[in-house]
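To keep things clear, I will list the structure first and then write my remarks on it.
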Amino acid sequence: MKKISQPLIFSLFIFLACKNKVEEKEKYFPVISFLNSQVAQVDTSVYAIKKITIQDSISDTVFVPREEFRQLAADFLELPDISGKQFKDKYTESEYYDDVLKKVILTYTPTEKDLELQRQEVHISPNTGEGDKISTIILNRYHANKDSTVQKRMLWQVDERFQVVTTVQKPGAPELTTTMKVIWNN
């Protein structure tokens, strides 16, 4: 059996470690995993969950059982997870610091127009002492078929609430907009 030199093994180890770090850096922020953890947190909480639905200036407010929370959050959880390798070339990431908001904003936009997820923003409050904290996630979803177009503008305020504004446009019909707000830590 041939003996492999220690410097060769060490070089191979360094190469593989560096390659893994590069691959990790190329991953996008895992929004769907993060939102699943938020939903799991609410599932095990004792928060009172309030749902507000607004359509045509008419508002309806109800308290919902904790068991229905995951279903209410389905618009968020059923989005494609763009942090996966299959989406690497389909979205671009930009990062900037907003002086007014005092937040780092990660923005993901599609490279192709026909993708369902049209925009994803993650707002992060930097804090060197306690660690960075994700504060807000904004998602824009668009779906068109033969008889209608549906646009969803979604906002998730971490540990507090979420909102989904759905706009449906059918040919020859007026645009219909519905807003659903779900609040649990207020």
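Spatially, the range 54-76 and the range 141-166 are offset by 13 Å when compared through their Cα centroids. Between Asp99, Asp43, Asp114, the residue with the greatest mean-square fluctuation in the GNM of the chain (Cα pairs under 10 Å linked by springs) is Asp99. Relative contact order of the range 29-183: 18 percent, from C-alpha pairs under 8 Å at least 6 residues apart in sequence. So what is the relative contact order of the range 19-120, in percent, for Cα pairs below 8 Å that sit 6 or more residues apart? Over the range 19-120, the number comes to 23 percent. With 20 Å as the limit, the listed pairs Lys88/Lys133; Lys90/Lys133; Lys152/Lys181; Lys27/Lys90; Lys102/Lys133 have Lys88/Lys133; Lys90/Lys133 beyond it between alpha carbons.
Taking only DSSP H segments of four or more residues, each worth -39500 (n - 2.57), what value at 222 nm results for the chain once the sum is divided by all its residues, to the nearest 500 deg cm²/dmol? After summing the helix terms and dividing by the residues of the chain, the value is -6500 deg cm²/dmol. When the chain is treated as a GNM with alpha-carbon contacts under 10 Å, the residue of Gln169, Gln157, Gln118 showing the greatest mean-square fluctuation is Gln169. Look at (i) 11.2; (ii) 9.4; (iii) 17.7: the one that is mean projected area of the Cα convex hull in nm² derived from this structure is (iii). Counting only Cβ charges, +1 for Lys and Arg and -1 for Asp and Glu, the dipole size of the range 35-186 around its Cα centre is about 200 debye.
For Glu67, Glu93, the sequence from fewest to most other C-beta atoms within 10 Å is Glu67, Glu93.
Laboratory data are not the source of any read-out in this text; all were calculated from the coordinates shown. All values derive from a computational prediction rather than experimental measurement. Every residue, glycine among them, receives a Cβ derived from its backbone with ideal geometry; neighbour counts consider all protein chains shown.
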